[in-house]
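This report concerns only the one structure given below.
The values are calculated or read from the model by the stated rules, or taken from the named source; none is laboratory data. Keep in mind that what you see is a predicted model, and the values were worked out from it rather than measured. Every residue, glycine as well, gets a Cβ built from its backbone with ideal geometry; the counts of neighbours run over all protein chains shown. Heavy atoms of the whole protein, side chains included, go into the accessibility calculation; ligands, DNA and RNA do not. Shrake-Rupley method; radii C 1.70, N 1.55, O 1.52, S 1.80 Å.
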Amino acid sequence: MVLAATKRYTASEYLALEEKAEFKSEFINGEIIPMAGASANHNILTGKFHALLLLALEDLEYSVFMSDMRLWMPEYNRYTYPDVMVVAGEPVFVDQKQMEVTNPCLIVEILSNSTQTYDHDSKFRQYRSIPTFQEYILVYQNGYEVDHYVKESEDRWVLMTHKGEESVIKLTSMNLEIRLKDLYKRVKFE
């Protein structure tokens, strides 16, 4: 049996294709991976997390981005679209187009059944290559549950799991609290 070779792309080829594409794709070391559509709960949770951060940080020196802003990780030759990112201070972009940021302090991913393991493992390992990265939030769609990783040192991350409607996420990188009751408002659990 002969397997067809997968075409490899350069980062610049990917960016040129992505500019014209009708749907988003990630770029992982030469491979272009189409992104799947998102559920209603995924969209509600992404929008809600973005809105809560945006309103709380509006008068402070932070930039809050949603899933249309690409993240560039040069160590892994990877472009990806996190659900929500926060940058402390001025965003550092790849170029003047301002389409790819490189310096988030916080990344939020809304978990789905198909991405849950990947977001917890491989993606988290790659995100840790970003020197400014301080907190990682993984939001479950099926109930009041959030995994919250906080960087304590270069090689030590601490996991806190927040469960239940009354639980509160305390974001240390920006001295902010988010109540799960507020985050999950209008989410319909299966």
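Only one of the numbered conditions (1) farther than 27 Å from L60 by Cα; (2) at pLDDT 95 or above; (3) open to solvent by 80 Å² or more (accessible area, probe 1.4 Å) is violated by R186, and that is (2).
Residues of the range 156-183 that are open to solvent by less than 90 Å² (accessible area, probe 1.4 Å), at pLDDT 95 or above and assigned to a loop (DSSP other than H, G, I, E, B): G164, E165, S167. So which residues in the range 131-190 are more than 17 Å from F49 (Cα to Cα) and of a type in the set (D, E)? Those that are more than 17 Å from F49 (Cα to Cα) and of a type in the set (D, E): E152, E154, D155, E190. Could you check, for the range 143-155, whether at least one of its residues is without any contact (Cβ under 8 Å) to a residue 12 or more places away in the chain and part of a loop (DSSP other than H, G, I, E, B)? Looking through the range 143-155, at least one residue is without any contact (Cβ under 8 Å) to a residue 12 or more places away in the chain and part of a loop (DSSP other than H, G, I, E, B). Kindly evaluate M85 against the criterion of being among the hydrophobic types (A, V, I, L, M, F, W, C), at pLDDT 90 or above and surrounded by fewer than 17 Cβ atoms within 10 Å (Cβ to Cβ). No: the conditions fail for M85.
Residues are listed down the side, and each one gets a yes or a no for (1) aliphatic (A, V, I, L, M); (2) modelled with pLDDT of 95 or more; (3) buried (at least 17 other Cβ atoms within 10 Å of the Cβ):
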{"residue": "R8", "(1), (2), (3)": "no, no, no"}
{"residue": "S12", "(1), (2), (3)": "no, no, no"}
{"residue": "A16", "(1), (2), (3)": "yes, no, no"}
{"residue": "A36", "(1), (2), (3)": "yes, no, no"}
{"residue": "I44", "(1), (2), (3)": "yes, yes, yes"}
{"residue": "H50", "(1), (2), (3)": "no, yes, yes"}
{"residue": "E61", "(1), (2), (3)": "no, yes, no"}
{"residue": "D68", "(1), (2), (3)": "no, no, no"}
{"residue": "W72", "(1), (2), (3)": "no, yes, yes"}
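Would you confirm whether or not the range 112-135 contains a residue that is in a strand (DSSP E or B), at pLDDT 95 or above and surrounded by 13 or more Cβ atoms within 10 Å (Cβ to Cβ)? Yes, the conditions are met somewhere in the range 112-135.
Picking from residues in the range 29-78 that are part of a helix (DSSP H, G or I) and among the β-branched types (V, I, T), the one that is farthest from R8 (Cα to Cα) is I44.
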